[in-house]
Amino acid sequence: MKIEYENLKEVNKPYFEYFKESFENVLNSGWFILGRKVEKFEKDFSEYINVSHCVGVASGLDALTLSLLSLNIEKGSKIIVPSNTYIATILSVIQAGLIPVLAEPDIKTYNIDPENIEAAISKKTKGVMIVHLYGKPCEMDKILSICKQNSLFLIEDCAQSHGSLYKGKKTGSFGDLAGFSFYPTKNLGCLGDGGAVATNNHDLFNKVRMLRNYGSEIKYKNELVGMNSRLDEIQAAFLSIKLKYLDEIINHKRKLASIYLTNLKSDFILPQVSVSCYDGYHIFNIRHERRNDLKDYLLKNEIVTEIHYPVPPHKQKALSYLSGMHFPVSELIHNTTLSLPVSSFHKEEDIYRVVEVMNKF
């Protein structure tokens, strides 16, 4: 029997009846943009991650872009970002009129290395955008210290880290602002595109709220040059339902991850486990020097895997001006990483079968 990497119908099936009821409520309300469902989800999500404010927006990319725009940073200033992130992180910096400066990750955690952040700081550096990649929190104590010492803004890219904790504190509650994605494959995913900005700063909260809605707080009165980036009522209603089960989803994925961690043979480089980090395992990745052969072997055995990500940002055509740069740690990760099945619909026996097949490779 084939083991899929992901199956969004199966992931969402437990909530179908709740979704139908909620959809009927929104449909009958006649209110589809920035209404009570969005307000409820913003309140619920801010309480979940323990921040003062949350603003629902159209996507994770928009969440990061709006976060940067709200800071009023002078155009052409520099923002330090990881060299091995998904390209959306870097696109948000460019779309905000700023310059991304790539810094290498720690080969053990795949997250940005605090020492490389320090080395990348210049007079034009105004902020750091970190990414809690795969659901593993970054080394927040060191990063917060660096940002404080150098008067830098800190933006968290939490697109993959819903519910992850660093020393008991949820990701998204450390920085000046944090951007979340609710793309359907996330641990907290809607049934379309969606995102949110989280912050403890009331002024930034108000600014993001206006920026997402044409720069307007009062209809037809535009104070800022904004954009149209709003989480709609239907997706907000769905997210409020799934938020109630997010911890349960993460606990299940952590059980599946523990099977891999305990039973895979030493040929595979496994994710680092740390007492300071409660990993959400949005993605469970391993590394192997014969990654492509391993992926083909698993597929022949009816096990589907993914690669996050096959091409590092500085090798993308869209960022061709970076093509002459060399980021060896990032390139090594991208050439050897493989994402194994670890979805909320997978059963423990599925994972034991993946382990059995992999250990014969």
- Item | Label-to-label distance, nm, for residues given as ASN50 and ASN25 (7 Å Cα→Cβ offset) | 2.8 nm
- Item | Local electrostatic count, GLY179, Cβ distance below 10 Å [Lys/Arg +1, Asp/Glu -1] | -3
- Message: Kirkwood hydrodynamic radius, computed over distinct alpha-carbon pairs, for region 1-134: how many Å, to one decimal?
- Response: 18.0 Å
- Cα lying deepest toward the dipole's positive end in the chain, options ILE283, THR65, PRO114, charges on Cβ: THR65
- Message: Under a crude label model (7 Å from the Cα following the beta-carbon direction), how far is THR262 from ILE99 in nanometres?
- Response: 5.1 nm
- Item | Computed E for ASP293/LYS43 - FRET, C-beta separation, R0 45 angstrom, nearest 0.05 | 0.35
- For region 1-68, shape from the Cα gyration tensor axes a ≥ b ≥ c, cut at a/c of 1.5 then a/b versus b/c, turns out oblate
- Task: Using packing as a proxy for protection, rank 333-340, 129-136 so that the peptide with the highest average count of other Cβ atoms within 10 Å comes first.
- Result: 129-136, 333-340
- Using alpha carbon centers only, region 230-302 is separated from region 131-161 by a whole-angstrom value of 21 Å
- For region 219-234, take each phi angle, set θ = phi - 60°, evaluate the Karplus expression 6.51 cos²θ - 1.76 cosθ + 1.60, and give the result in whole Hz per residue in order, putting x for glycine and proline. 3, 6, 10, 9, 8, 10, 7, x, 8, 9, 8, 10, 6, 7, 4, 5
- Multiply the residue separation of ASN150 and LYS360 by 0.36 nm, subtract the distance between their alpha-carbon atoms, and state the gained length in nm to one decimal. 70.6 nm
- Of LYS37/LYS170; LYS136/LYS255; LYS142/LYS207, which ones are farther than 21 Å apart at the Cα? LYS37/LYS170; LYS142/LYS207
- Near the amide H of ILE99, under 5 Å away, which other amide H atoms are found, from residues 5 or more places off or on another chain, if H is placed in the peptide plane? GLY76, SER77, LYS78, ILE79
- Want the number for TYR245 to GLN316: 0.36 nm per residue separation, take away the alpha-carbon distance, what's left? 21.9 nm
- Task: Evaluate E = 1/(1 + (r/R0)^6) for TYR352 and ASN228, where r is the Cβ-Cβ distance and R0 equals 41 Å; express this FRET efficiency to the nearest 0.05.
- Result: 0.30
- Task: May I ask for log10 I(q)/I(0) of the chain at q = 0.08 Å⁻¹, from a Debye sum over the Cα atoms as equal point scatterers with solvent left out?
- Result: -0.39
- Message: Cut-off under 14 Å on the C-alpha distance; same-chain residues fewer than 8 positions from LYS265 excluded. Which aspartates and glutamates are left, in chain and number order?
- Response: GLU356
- What residues qualify as long-range amide H neighbours of TYR5, i.e. H under 5 Å apart, gap of 5 or more or another chain, H built at 1.01 Å from N? VAL304
- Reachable aspartates and glutamates, given that their alpha-carbon falls under 12 Å from the alpha-carbon of LYS124 and they are not under 8 places away in the same chain: GLU74
- Among the listed pairs LYS9/LYS108; LYS2/LYS253; LYS13/LYS169, give every one whose C-alpha distance is greater than 22 Å. LYS9/LYS108; LYS13/LYS169
- Please work out whether region 225-336 counts as rounded, prolate or oblate from its C-alpha gyration tensor, where a ≥ b ≥ c are the square roots of the eigenvalues and a/c under 1.5 means rounded, while otherwise a/b larger than b/c means prolate and anything else oblate? oblate
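Laboratory data are not the source of any read-out in this text; all were calculated from the coordinates shown. Not measured: the values here are computed from a predicted model. Heads up, the Cβs are rebuilt from the backbone with ideal geometry, glycines too, and the neighbour counts pull from every protein chain shown.
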